[in-house]
Amino acid sequence: MNLYARVMAQVAQRRHVSTLIIGSGFAGLGAAIRLAKDGLDDYLVVERAPEVGGTWRDNTYPGAACDVPSHLYSYSFELNPRWSRSFSPQPEIQDYLRTVANKYRVLDKHLFDTEVTHAEWDESTEQSGRHHERRVHRGRPGARGRRAVRAGAA
């Protein structure tokens, strides 16, 4: 059974994880890497597209490029001295994100082609602001849904 099939089997069994990350753009990928670097492996990244990248994966129009100097638009733990220019083009930024995801070995914690269409806060499972449980429902890839995830206690 390949890795994707194993992950899908786990999700089908209503697996619970300590941390659910929605989306694998710069922020989601960075969060996954941080958890992995901290030795925490009970997390899952749900991504509606077939690969990492977020904005840089989705926006491929002619001339798409970073509007911030590229040396500032890198992870602090994975600086890239090889940017081709000060304001790097979209394909180069997307390649950077793919490279970082592979280097830090977080792709096996991703569930691609899956969109979160509903999330629900369960107040009864909160314990001293440390444990938050959400019921998340899978949608079909490409379907637009609402995301509603409460990040902390009120």
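Every read-out reported here was derived from the displayed coordinates using simple, explicitly stated rules and does not represent laboratory data. Since we're looking at a predicted model, the values are computed, not measured. Backbone-built Cβ (ideal geometry, glycine too); neighbour counts: all protein chains shown.
If you take the beta carbon distance between E120 and R34 as r and set R0 to 30 Å, what does 1/(1 + (r/R0)^6) give as a FRET efficiency, to the nearest 0.05? Please report the intermediate quantities before stating the final value.
Working: r = 26 Å, r/R0 = 0.86.
My answer for the efficiency is 0.70.
Test of the criteria: in the stretch 43-124, which chymotrypsin sites (Phe, Trp or Tyr not before Pro) are in a DSSP loop and have at most 15 other Cβ atoms within 10 angstrom of their Cβ?
Working: sites: Y43, W56, Y73, Y75, F77, W83, F87, Y96, Y104, F112, W121; in loops: Y73, F77, W83, F87, Y104, F112.
Of the chymotrypsin sites (Phe, Trp or Tyr not before Pro), the ones in loops of the stretch 43-124 whose Cβ has at most 15 other Cβ atoms within 10 Å are F77, F87.
Dipole size in debye (nearest 20) for the stretch 19-128 around its Cα centre, Lys and Arg Cβ +1, Asp and Glu Cβ -1? Display every interim value, and only then the final one.
Details: 10 positive and 17 negative charges, 154 e Å.
For the stretch 19-128, the charge dipole is close to 740 debye.
Please list 3J(HN,Hα) in residue order for the stretch 59-68, calculated via the Karplus relation 6.51 cos²θ - 1.76 cosθ + 1.60 where θ = phi - 60°; whole Hz, with x for glycine and proline.
9, 10, 5, x, x, 4, 7, 6, 9, 10
Counting other beta carbons within 10 Å of each residue's own, what order do V17, V116 fall into, fewest first?
Numbers: V17 15, V116 21.
Result, fewest neighbours first: V17, V116.
Once you put a point 7 Å from the Cα of K103 and another 7 Å from the Cα of S76, both along the Cβ direction, what distance in nm separates them?
Those two pseudo-labels are separated by 1.7 nm.
What does the charge count near E47 come to, summing +1 for each Lys or Arg and -1 for each Asp or Glu among other residues with Cβ under 10 Å from its Cβ? Mind dumping the intermediate values first?
Working: positive: R48, R57; negative: E51, D113, E115.
Computed value for this residue: -1.
Determine, at each q value in 0.17, 0.27 (inverse angstroms), the log₁₀ of I(q)/I(0) that the Debye formula gives when each Cα of the stretch 31-72 is one equal point scatterer.
Debye output, listed in q order: -0.71, -0.97.
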